[in-house]
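Working notes, structure below.
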Amino acid sequence: MAMMQFELVSPERKLASVEASEVQIPGAEGDFTAMPDHAPVITTLRPGYLTVVTASGTEEYFVTGGFAEVSGESTTVLAERAFAKADMTSELAAELVAEADAAHSAGGTDATAKLAADMAAGIAL
């Protein structure tokens with residue numbers, strides 16, 4: 001099975017550095033799966049779950065936004081904030097949605113409205 005290097009980094013810490021066969025990414029323009037030999041692409045992320053398939057199983061992380069860079073040999077995700085799915089509690093989910101709603105209330109733009117909606121929908125999955 002072909003593998004590629006996967007890195008997930010947030011400002012606080014590196015959450016993952018593993019060999020992966022595929023990475024399912026919540027792209028701002030739509031979800032997609034990066035695999036070895038994928039065409040190079042850089043995209044922004046929307047809030048949602050990122051799924052990483054490794055030889056030892058599947059790992060999931062919630063990302064609030066950021067960027068993903070995919071090349072044939074590697075996929076790197078630079079997340080604004082990221083959490084292992086196992087660490088997502090109802091309190092943390094409510095806090096993230098409240099922060100997005102507050103940003104919309106303060107800014108009131110279409111972008112902040114979409115962020116708040118994406119945050120609520122992404123956490124609900």
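Restricting attention to strands (runs of 3 or more DSSP E) lying wholly within the range 1-60, give those where 3 or more residues are small (G, A, S) and either modelled with pLDDT under 95 or within 18 Å of S74 (Cβ to Cβ) (or both).
Details: elements: 4-9, 14-20, 22-27, 30-34, 41-45, 48-54.
Because the criterion is at least 3 residues that are small (G, A, S) and either modelled with pLDDT under 95 or within 18 Å of S74 (Cβ to Cβ) (or both), the strands (runs of 3 or more DSSP E) in the range 1-60 that meet it are 14-20.
Collect the residues in the range 26-44 that are closer than 24 Å to E12 by Cα and open to solvent by 30 Å² or more (accessible area, probe 1.4 Å), keeping them in residue-number order.
Here is the first cut: in the range 26-44, the ones closer than 24 Å to E12 by Cα are 26-28, 42-44.
Within the range 26-44, A28, I42, T44 meet the criteria.
Rundown of residues vs (1) open to solvent by less than 40 Å² (accessible area, probe 1.4 Å); (2) over 29 Å from H38 (Cα atoms); (3) charged (D, E, K, R); (4) modelled with pLDDT under 80, yes/no style:
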residue: G66; (1), (2), (3), (4): yes, no, no, no
residue: E69; (1), (2), (3), (4): no, no, yes, no
residue: V77; (1), (2), (3), (4): yes, no, no, no
residue: A86; (1), (2), (3), (4): no, no, no, no
residue: S90; (1), (2), (3), (4): no, yes, no, yes
residue: A116; (1), (2), (3), (4): yes, yes, no, yes
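When only residues in the range 45-64 that are in contact (Cβ under 8 Å) with a residue 60 or more places away in the chain and touching an Asp or Glu at 6+ places or on another chain (Cβ under 6 Å) count, which is surrounded by the most Cβ atoms within 10 Å (Cβ to Cβ)?
In the first step, residues of the range 45-64 are kept if they are in contact (Cβ under 8 Å) with a residue 60 or more places away in the chain; the result is 46-49, 62.
Checking the rest, the ones that are also touching an Asp or Glu at 6+ places or on another chain (Cβ under 6 Å) come to 46-47, 49.
Details: R46: 23, P47: 26, Y49: 17.
Checking each candidate, the answer is P47.
The values are calculated or read from the model by the stated rules, or taken from the named source; none is laboratory data. This is a predicted model, so every value here is computed, not measured. No Cβ is skipped: glycine too gets one built from the backbone with ideal geometry, and neighbour counts run over all protein chains shown. Surface accessibility is based on the protein's heavy atoms, side chains included, excluding ligands, DNA and RNA. Shrake-Rupley method; radii C 1.70, N 1.55, O 1.52, S 1.80 Å.
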